[in-house]
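Okay, so here's the structure we're looking at.
The values are calculated or read from the model by the stated rules, or taken from the named source; none is laboratory data. The shown structure was predicted, so the numbers you read here are calculated from the model rather than taken from an experiment. For neighbour counting, all protein chains shown are included, and Cβ atoms are generated from backbone atoms with ideal geometry for every residue, glycine included.
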Amino acid sequence: MLERDDDIIGGDFITAGFTCAELIAYPQRWINRRVETIEMLSQEETRRRVSVDFTLSEPQRSALVTRHGQVVPISVLSKHPRRNFDLRDEQGASLPVLGRNDNGNLALIALLSAARDVIPEAESDDPLDALSADFRQIIFGDDDAALEALWTFVAAAESGDAVRAVVWDDPACCSLLRTLMSDYVLFAALPLSGPDRRVLKYSYGEDLLFEPPWIEKRDEYAFGELVWRMRKPGRTRFLIDCPGAWRASSFHMEIAIPEELRVAYAELGRVLPDADDAEIELLGEPDKLANRAALYAVEPIEAHDDVRAYVEVVSEREGGATRAALMALAVASLLWLGRFSGLDASQPGAAVSLLLAGGAVVSGFAASSGRHIIVNKILRARRRALTVVALCALAASASLAMEIPDRTPLEVWLVAATVCSLAALRLGWSAIRAAR
């Protein structure tokens, strides 16, 4: 099979594919360090910057030479399209990557060569011919088709297919199959001359909804979630997947956030699939109260581990929560004062209406402030509380000025004062928690 493909693909690709089999299956053996930086651009989009530090021996570098240059499988990416992808070397010069067909052919050769090494006493290419169609579907198919092809392959192996069983039981073949089912290999085409140790950097835009780690929408109102929001008002939390964390001997992650925010807490952990409630095992020390979170994996990361970063973000604005609480308290005090004064529009108490209207304007201004979309999202609860304060002040002042429902609208003021006081308590608790 591989010999016949030599005429179609090229002998250089055959040799490079043989070498890539081990490099893709065991990246920790040659990739020294992987650093990922997540930059928050908006509520739905981030830019992921990845630095890959690797070392290849001279025989490996020679075997990876093709018509495109020296092709190196520096990483893997999911099969979804990427926005604004960019690959550069140490000096910042742009580097090319292989196209879809060449990329897939190299991955296919790597998988076939790994399978050929473990099939016992294969005197012909017949076993590889039988596997080639499965491998092509896994590599070139979309997510659903590739997953179905892998399930069919594993089911055949577990049902007694000797060839597929020995391939699936081999660690290298299993790692390649699991990787190529959901991802494609990022092959960098490097110049033929260069040092053994290189540091390449690539980046791309991706969709990431900064939403709490809920399974369903109704979980927003679960008891545990309500308790968390009460304990930590003014915060938002989310998860960041790190599927490539295991593809290096050392992994480091940084989280860059807008200037108006800070990371209150961040940790890097491994999801334990067999534990209840998706228990997280920490891989290093958490980072707290940082403008740019830095997370290091101290514990070793096993192949295909589900690694995620858990992040809690708060507003950086100093005193914002305190000012909001004092503003709400002032308006609530005026409402209670007017309520107990008896309210008479013909008396100077009407001046209270002007004060309340001013408080409403200020509250509304504070409720709408915020420049970055993520900042606005985090300050959403504060804005809602301040909006309630503004509406209470407007309702009370309007009822007094317009004599609705009568000249002494005590009931309106009582309701407004009560609601405003509850909002003030909410803002006050946020201010107390923010000071800690």
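Do the conditions hold for Arg407, that is, is it at pLDDT below 80, within 26 Å of Gly234 (Cα to Cα) and not hydrophobic (A, V, I, L, M, F, W, C)? Taking the combined requirement at face value, the residue does not satisfy it.
For Arg88, are the conditions met, namely being charged (D, E, K, R) and within 25 Å of the chain's Cα centre (by Cα)? Answer is yes for this residue. Of the candidates Pro73, Pro59, the single residue that is assigned by TED's automatic domain parsing to the domain that holds Thr179, surrounded by fewer than 17 Cβ atoms within 10 Å (Cβ to Cβ) and on the phi < 0 side of the Ramachandran plot is Pro59.
With respect to Thr152, determine if the residue is assigned by TED's automatic domain parsing to the domain that holds Ile74, exposed (fewer than 15 other Cβ atoms within 10 Å of the Cβ) and hydroxyl-bearing (Ser, Thr, Tyr). Working first, answer last.
On the way: assigned by TED's automatic domain parsing to the domain that holds Ile74: yes; exposed (fewer than 15 other Cβ atoms within 10 Å of the Cβ): yes; hydroxyl-bearing (Ser, Thr, Tyr): yes.
Spelling it out, Thr152 is indeed assigned by TED's automatic domain parsing to the domain that holds Ile74, exposed (fewer than 15 other Cβ atoms within 10 Å of the Cβ) and hydroxyl-bearing (Ser, Thr, Tyr).
The test for being surrounded by fewer than 14 Cβ atoms within 10 Å (Cβ to Cβ), touching a helix residue (DSSP H, G or I) at 6+ places or on another chain (Cβ under 8 Å) and assigned by TED's automatic domain parsing to the domain that holds Arg178 does not hold for Pro81.
Between Arg198, Arg164, Arg262, the distinction of being at pLDDT below 85 and on the phi < 0 side of the Ramachandran plot belongs to Arg262 only. Kindly evaluate Ser94 against the criterion of being in contact with a Gly (Cβ under 7 Å, 6 or more places away or on another chain), outside the structural domain of Ala309 (by TED's automatic domain parsing), of a type outside the set (A, V, I, L, M, F, W, C) and modelled with pLDDT of 90 or more. For Ser94, the condition - in contact with a Gly (Cβ under 7 Å, 6 or more places away or on another chain), outside the structural domain of Ala309 (by TED's automatic domain parsing), of a type outside the set (A, V, I, L, M, F, W, C) and modelled with pLDDT of 90 or more - is not met.
Consider Ala133 carefully, then state whether it is out of contact with any helix residue (DSSP H, G or I) (no Cβ under 7 Å at 6 or more places or on another chain), part of a helix (DSSP H, G or I) and at pLDDT 90 or above. No; evaluated as a whole, the condition is false for this residue. Within segment 387-407, residues that are surrounded by fewer than 22 Cβ atoms within 10 Å (Cβ to Cβ) reach partners that are in a helix (DSSP H, G or I) with beta carbons closer than 6 Å, at six or more positions or on different chains, in the pairs Thr387/Ala367; Val388/Ala423; Leu394/Ala360; Ala395/Ala416; Ala401/Ser353. Looking across segment 232-245, the residues that are under 12 Å from the mean Cα position of the chain (by Cα) and in a loop (DSSP other than H, G, I, E, B) come down to Cys242, Pro243.
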